[in-house]
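The structure appears right after this line, and notes come after that.
The values are calculated or read from the model by the stated rules, or taken from the named source; none is laboratory data. Small disclaimer: the values here were computed from a predicted structure and weren't measured. Here the Cβ is made from the backbone with ideal geometry for all residues, glycine too, and neighbour counts use every protein chain on show.
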Amino acid sequence: MGSFVIVGAGLAGAKAAEALREQGFGGRLVLLGDEPDAPYERPPLSKDYLQGKVARDSLFVHTPDWYTRNDVELRFSTTATGIAPDSKHITLDDGELVEYEKLLLTTGSTPRHLPIPGAELDGVHYLRRVGDSERLRELFTTASRLVIIGAGWIGLEVAAAARAAGVDVTILETAALPLLRVLGSTIAPVFAALHREHGVDLRLGVGVQEITGDGHRATGVQLADGTRIDADAVLVGVGATPNTGLAEQAGLTVDNGIIVDAALRSSNPDVYAAGDVARAFHPLLQTHIRVEHWANALNQPATAAAAMLGREATFDALPYFYTDQYDLGMEYVGYAEPDGYDQVVVRGDLDTREFVAFWLSQGRLLAGMNVNIWDVTDPIKALIRSRSQLDTTRLTDPSVPLESLLPT
């Protein structure tokens, strides 16, 4: 057998190496990562690990000896600088050439930086890597005031962790509500109320003009209307950009991610992509989607591995993500674009934050989100896959089992 190479040693890369060995690949297997750590999972970085509830060792995908036992060449602090598709080799930052028969790109994404004055000051933080989380956790022991720019999932989860540590938090968001684009105007107010109840100064519909500083150190934020907000540190959480530079250099088709088919194969038949960087065709949804969530990085690699080994493979799992903030636990499954649904209905009580929300289009379920209600994800998935028109009166009635709404 030839060499298979995986570029990107995060969760997706590690699970791909695991899947290739489990599916019988016995050739040379190289896993390249630009971080100094073995592959680890990222969700705890803004949740339990940030709050000091779990140990560092719990983050890692595999035990330290797993890579040796499975004959995986794991290379730390190594950056791939180029791909030569014709000669099928990768160039590393030290000039070494690594040949491949099949190549998998799991290069992930990078936090989007703000193009404003002061963005590069010391004390301006981003959260992507384990070291970022550790710096924030240390900050919680010394800082009294944190400004968070962006009320997305990362910003809100960090806010919850900071408040648990006793830090004063101000969140600045350009939209009228947190998570408005993702959840819409019916459900987004739940998160606004949640954070305000826990003492967060949530400022909506505001623009950030500058991160202010004293010397090289950030000291706060100035808004577009001239308001100044003092802070000991600033966290920027305004989204992420897929790391497609290698793919573009190699001539692969790229459009908000590496374009791949349902088998996660790119426009080059020997190059595949999985995780945050992949914009994959979804057979059920009949469109290409890119999902920046843990479940994709966890589950896509098995499909990519099978396809790399020449087997029939299709990734059709529905997008899934979750969050934990204060006393709110949530799971979301499905795919509802901001302009892709015409109705949101609720089973349960928004005010007590115990409910299931449903996004529908022409009576068909696109996505569901359960908040502090559990064991409903599987029937929600089944209802989405059924593509059947639903009676919203029964859908919103807590006494009606969701399973009973499935077509017979």
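Miscellaneous remarks
- Residues that are over 14 Å from Gln325 (Cα atoms), among the charged types (D, E, K, R) and over 22 Å from the mean Cα position of the chain (by Cα), drawn from segment 164-216: Asp168, Asp201, Arg203, Glu210, Asp214
- Of the strands (runs of 3 or more DSSP E) lying entirely inside segment 54-134, not one carries at least 1 residues that are under 23 Å from Arg42 (Cβ atoms) and modelled with pLDDT under 95.
- Checking the stated criteria, Gly24 turns out to be in contact (Cβ under 8 Å) with a residue 60 or more places away in the chain, surrounded by fewer than 16 Cβ atoms within 10 Å (Cβ to Cβ), part of a loop (DSSP other than H, G, I, E, B) and not assigned by TED's automatic domain parsing to the domain that holds Phe140.
- Residue within segment 188-198 that is in a loop (DSSP other than H, G, I, E, B) and not assigned by TED's automatic domain parsing to the domain that holds Gln343 present: yes
- Of residues in segment 283-301 being assigned to a strand (DSSP E or B) and touching a residue at least 24 places away in the same chain (Cβ under 8 Å), the one nearest to Tyr322 (Cα to Cα): Ile289
- Single condition Thr141 does not satisfy, out of (1) assigned to a helix (DSSP H, G or I); (2) touching a Pro at 6+ places or on another chain (Cβ under 8 Å): (2)
- If you go through segment 160-187 and keep only what is in a helix (DSSP H, G or I), touching a strand residue (DSSP E or B) at 6+ places or on another chain (Cβ under 9 Å) and closer than 23 Å to Pro338 by Cβ, you end up with Leu180, Val182, Leu183, Gly184, Ser185, Thr186, Ile187.
- Residues of segment 396-408 that are in contact with a helix residue (DSSP H, G or I) (Cβ under 6 Å, 6 or more places away or on another chain) and either outside any helix (DSSP H, G or I) or at pLDDT below 95 (or both): Val400, Leu406, Pro407.
- Looking only at segment 362-395, and only at residues there that are assigned to a helix (DSSP H, G or I) and aliphatic (A, V, I, L, M), the one that is nearest to Glu337 (Cα to Cα): Ile384
- Residue in segment 239-250 that is assigned to a loop (DSSP other than H, G, I, E, B), in contact with a Leu (Cβ under 7 Å, 6 or more places away or on another chain) and over 30 Å from Arg347 (Cβ atoms) present: no
- The one condition in (1) in contact with an Asp or Glu (Cβ under 7 Å, 6 or more places away or on another chain); (2) farther than 14 Å from Pro117 by Cβ; (3) not aromatic (Phe, Trp, Tyr) that Val182 fails to fulfil: (1)
- Test: residue in segment 308-321 that is part of a strand (DSSP E or B) and not charged (D, E, K, R): yes
- Some residue of segment 344-352 being in contact (Cβ under 8 Å) with a residue 12 or more places away in the chain, closer than 14 Å to Thr186 by Cα and assigned to a loop (DSSP other than H, G, I, E, B): yes
- Residue that is surrounded by the most Cβ atoms within 10 Å (Cβ to Cβ) [pool: residues in segment 366-396 that are in contact with a Ser or Thr (Cβ under 9 Å, 6 or more places away or on another chain) and closer than 10 Å to Val333 by Cβ]: Gly368
- Checking each residue in segment 205-238 for being touching a helix residue (DSSP H, G or I) at 6+ places or on another chain (Cβ under 7 Å) and in a strand (DSSP E or B) picks out Ala233, Leu235.
- Residue within segment 329-341 that is of a type outside the set (Lys, Arg), buried (at least 18 other Cβ atoms within 10 Å of the Cβ) and within 21 Å of Lys15 (Cβ to Cβ) present: yes
- Answer residue from segment 134-153, given it is surrounded by fewer than 23 Cβ atoms within 10 Å (Cβ to Cβ) and touching a Leu at 6+ places or on another chain (Cβ under 7 Å) and is farthest from Thr219 (Cα to Cα) among those: Gly152
- Number of the condition not met by Phe76 [criteria: (1) closer than 21 Å to Ala306 by Cα; (2) out of contact with any Lys or Arg (no Cβ under 8 Å at 6 or more places or on another chain)]: (1)
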